[in-house]
Amino acid sequence: MTAFTRRTLVKGAAAAGVLTGSGLTDWAKAWAQTSPFRPETGATLNLLRWRRFVEAEDAQFNRMVAAFTQATGCRVNVSSESFDDVQPKASVAANTGTGPDLIWSLYSVPHLFPQKCLEVTDVADYLGKKYGGWVPLAEAYGKSAGKWISIPVAVNGGYINYRISMLKAAGFNEVPQDTKGFLELCKALKAKGTPSGFPLGRATGDGNAFAHWLLWSHGAAQVDERENITINSAETRAALRYAKELWDTFIPGTAAWNDSNNNRAFLSGEISLTANGISIYAAARVSQDAKQREIAADMDHAFWPIGPIGKPAEIQLAFPMFGMTYSRFPNACKAFMAFILEAENFNPWLEAAEGYLTHVLNAYDNNPVWTRDPKARVFRESAKRSFPAGYRGPINEKAATAIADFIVVDLFANHCTGKEDVEGAIRLAERQLRRIYR
């Protein structure tokens, strides 16, 4: 497992040495001559992104940054923050009118302040026409009031990560694809002393993924299509009761987990099953530690089980990139967003990410990362199986606020930890939603 400092800064120009002899610079220079998006003379961009979980993805991203600088003369300074720190920093930038030119964020963050986001309809149209169109989820996250305010670069698919040998020891050959069977599996794993564990702390990626699956798979939602609050429902009660049964099978302490705790618990052998991106597998497979490589050989991935709703009901972590209207270099912002999603860049980047990033442009369905390793295959479907944040309502400032405030996560955490009974947990969530949806 790689340890990260709280903040890192990478200057694109400083990474230029990695391009020597690669051919990427020559292609980038040709692209810069013909692209409809050209940076302003003397432009410099500051970009804030989430901190990487797959080292090879970060290295490939830095190669693209360096190639963009060499081809256009526009330097790109990249700062990296944890998942949980990106949204607060983006909000401060939007409110103060100063900060990064570009922000590569999570879920529906740009919808917290759509009027502060640079319109990028021309970039979205260019890429969509060239690369087979956008998946519906991308349009949901990218558009506000009919205009594109962000470019959804990718989705981080989060699915069930499990130890093959431990499932078999518990009497299962595979992860059941229904919620009833899944509960029985988790009970059996606990009985064998190899429990599962899912975050119910305010974990932006994994906590939201688990809590929203619980809610949506049972047919519940926080609002309906007209933004009427619907959290107080029989379906929510059923989801809470199921969650408590599941919670009772977990390793202790998951109410305090963030987005890295389940990775560490899995790789240390404390748990046999969790939900995560492919980063656990990717890190273990190339580790210098033989025990970590043994874990990679003994693990696989499965889709989230289907609940009473009768179809996939997942929230996958979207990664939209957006420019700020206060930027002095809007054309450079557009050029960079278009550049990184061109096939010559994006195909190698997808491969380097090893399945951690899933495309949202249809032309990338056949990237080799989805076929060379069977353990990565489920992640190819994540962008097409995901509901958007705020389902069943529209993605807007209200929906973005609700997920930023962890209302669904807290709903389940309050009940599972014993802080509230079913009715109390629902009342708290309903009160919070009424403050937002008014």
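The values are calculated or read from the model by the stated rules, or taken from the named source; none is laboratory data. The shown structure was predicted, so the numbers you read here are calculated from the model rather than taken from an experiment. With ideal geometry, Cβ positions are generated from the backbone for all residues, glycine too; neighbour counts draw on all protein chains shown. Ligands, DNA and RNA are excluded from the accessible area calculation, which covers all protein heavy atoms including side chains. Shrake-Rupley method; radii C 1.70, N 1.55, O 1.52, S 1.80 Å.
Remarks
- Within the chain, DSSP assigns beta bridges of which about 65% are antiparallel (rounded to the nearest 5).
- Along the axis of the charge dipole computed for the range 66-162 (Cβ charges of +1 for Lys and Arg, -1 for Asp and Glu, origin at the Cα centre), the listed residues 72, 98, 109 are led at the positive end by 72.
- Mean projection area, nm², convex hull over Cα of the range 118-263: 11.6 nm²
- Here the Karplus relation 6.51 cos²θ - 1.76 cosθ + 1.60, evaluated at θ = phi - 60°, turns the backbone of the range 77-90 into coupling constants of 9, 10, 10, 10, 9, 5, 3, 5, 9, 5, 4, x, 5, 5 Hz, with x for every Gly and Pro.
- On Cα atoms only, tilt of 55-72 relative to the major axis of the chain in degrees: 20 degrees
- Taking amide H positions as modeled 1.01 Å from N, with prolines and chain starts lacking one, the residues under 5 Å from residue 154 and 5 or more places away or on another chain are 319.
- FRET efficiency for residue 311 and residue 30, using Cβ-Cβ distance with R0 set to 45 Å, rounded to 0.05: 0.50
- Listed residue (301, 412, 359) projecting farthest to the positive dipole end of the chain, Cβ model: 412
- Cα-centre dipole for the range 104-161 with unit charges at Cβ (Lys and Arg positive, Asp and Glu negative), debye to 20: 0 debye
- For the chain, a crude dipole built from +1 on the beta carbon of Lys and Arg and -1 on the beta carbon of Asp and Glu, taken about the Cα centre, is about 380 debye to the nearest 20.
- Other-chain or far-sequence residues with amide H under 5 Å of residue 299's (modelled H): 164
- Helix 330-340 and the long axis of the chain differ in direction by around 60°, with both axes built from C-alpha atoms.
- Using θ = phi - 60° and Karplus 6.51 cos²θ - 1.76 cosθ + 1.60, couplings along the range 241-258 (whole Hz; Gly, Pro as x): 5, 5, 4, 5, 4, 5, 4, 5, 9, 7, 4, x, x, 6, 5, 9, 6, 9
- Residue 131 exposes around 20 Å² of accessible area when a 1.4 Å probe is run over every protein chain in place.
- Helix-only [θ]222 nm of the chain, DSSP H runs n ≥ 4, -39500 (n - 2.57) each, per residue, nearest 500: -12500 deg cm²/dmol
- A Gaussian network model of the chain, with springs between Cα atoms under 10 Å, assigns the largest mean-square fluctuation among 350, 214, 428 to 428.
- Under a 5 Å amide H cut-off, with hydrogens placed 1.01 Å from N, residue 178 pairs with 306 among residues at least 5 apart or on other chains.
- Shape of the range 259-300, Cα gyration tensor, a/c cut at 1.5: prolate
- Shape of the chain, Cα gyration tensor, a/c cut at 1.5: oblate
- Solvent-accessible area of residue 286 with every protein chain in place, 1.4 Å probe, in Å² to the nearest 10: 90 Å²
- Rounded if a/c under 1.5, otherwise prolate or oblate - the range 187-341, Cα gyration tensor axes: oblate
- Ranking by accessible area, most exposed first, for 122, 26, 224 with a 1.4 Å probe: 26, 122, 224
- J(HN,Hα) series, the range 409-424, from Karplus relation 6.51 cos²θ - 1.76 cosθ + 1.60, nearest Hz, glycine and proline x: 4, 5, 3, 6, 5, 4, 7, 5, 7, x, 5, 9, 7, 4, 5, x
- Within the range 167-234: Cβ-based charge dipole about Cα centre, in debye rounded to nearest 20 (Lys, Arg +1; Asp, Glu -1): 420 debye
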